[in-house]
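Accompanying notes for the structure given below.
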Amino acid sequence: MLHNKTAVITGGSRGIGRAIAYKFASLGADIAVIYAGNQDAAEAVCQKCRQEYGVKARSYCCDVSDFEKAKETTAQVKADFGSIHILVNNAGITKDGLILRMKEADFDRVLAVNLKGAFHMIRHCSGVFLRAKEGCIINIASVTGLMGNAGQCNYAASKAGLIGLTKTAARELAPKGIRCNAIAPGFIATDMTQSQSENPMLKMIPLGRMGEPEDVAQAAAYLAEARYVTGEVLRVDGGIAM
């Protein structure tokens, strides 16, 4: 159970982030939802966490690719909740295109949010974890970072980088009692994957279906409580990357 814990979830207003927020709240964690654009959606998540699970929940608008904004938001969450115990780096975007046609700005923006944004949040939350002498970081990567995917060189690069960041953070922070793991979802039914509905790789999933956000949330709940697991990349992909 996660009673008396505060979880910060970036990209927490929809899809996988929302499912993780609900799962953690059901286990007793207080929830800080970080969102980039849709305040109503973020507040709806917080309202459900408060009403159905009886936990404290607040939303914060933050572009995690902005170092100073991420720092300010982390400080505000700590002030509001008293501490931070769990960080879920879920915020992510796609700007798909073949390498020969991809604009430099599209490559840079995806890496700025998906990879650099995770670094910013880890950087700013680590001090809080160190003072508390505990902490759990869960990075939402992707099997695309393990396998690659045509038309997603920027996204795949960001997620592969996130896996490297996970393993390095795990090695650096383990002596301080801070764990860092990653989840590599496969094709999960969210708004982001609607454009992938005709992807021929879907036929390669051994379990024969797309996953649900709740499948990833269940894995996140396991990693939040797995006290002897760090530096791991847990695939939640129906077996497509085995």
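Which condition number does Gly127 fail, the rest of (1) out of contact with any strand residue (DSSP E or B) (no Cβ under 8 Å at 6 or more places or on another chain); (2) without any contact (Cβ under 8 Å) to a residue 24 or more places away in the chain; (3) closer than 30 Å to Pro200 by Cα being met?
(3)
Consider region 47-72. How many of its residues are in a helix (DSSP H, G or I), in contact with a helix residue (DSSP H, G or I) (Cβ under 8 Å, 6 or more places away or on another chain) and under 20 Å from Lys5 (Cβ atoms)?
Here is the first cut: in region 47-72, the ones in a helix (DSSP H, G or I) are 47-53, 67-72.
From the residues that got through so far, the ones that are in contact with a helix residue (DSSP H, G or I) (Cβ under 8 Å, 6 or more places away or on another chain) too are 48-49, 52-53, 67, 70-71.
Subset that is under 20 Å from Lys5 (Cβ atoms): 48-49, 52-53.
Result for region 47-72: 4.
Can you confirm whether region 35-43 contains a residue that is farther than 18 Å from Ser158 by Cβ and part of a strand (DSSP E or B)?
yes
Among the candidates Phe107, Phe129, which residue alone is more than 16 Å from the chain's Cα centre (by Cα), surrounded by 21 or more Cβ atoms within 10 Å (Cβ to Cβ) and at pLDDT 95 or above?
Phe129
Go through (1) surrounded by fewer than 22 Cβ atoms within 10 Å (Cβ to Cβ); (2) among the hydroxyl-bearing types (Ser, Thr, Tyr); (3) out of contact with any Asp or Glu (no Cβ under 9 Å at 6 or more places or on another chain) and name the single condition Tyr22 misses.
(3)
Go through Ala7, Ala112, Ala36 for me and flag whichever is surrounded by 16 or more Cβ atoms within 10 Å (Cβ to Cβ), at pLDDT 95 or above and closer than 20 Å to Arg179 by Cα. Steps first, answer last, please.
Numbers: Ala112 fails: closer than 20 Å to Arg179 by Cα; Ala36 fails: closer than 20 Å to Arg179 by Cα.
Only one candidate passes the filter, namely Ala7.
The values are calculated or read from the model by the stated rules, or taken from the named source; none is laboratory data. Here the structure is a predicted model, which is why all the values come from computation and not from measurement. We place every Cβ from the backbone using ideal geometry, glycine too, and count neighbours over all the protein chains shown.
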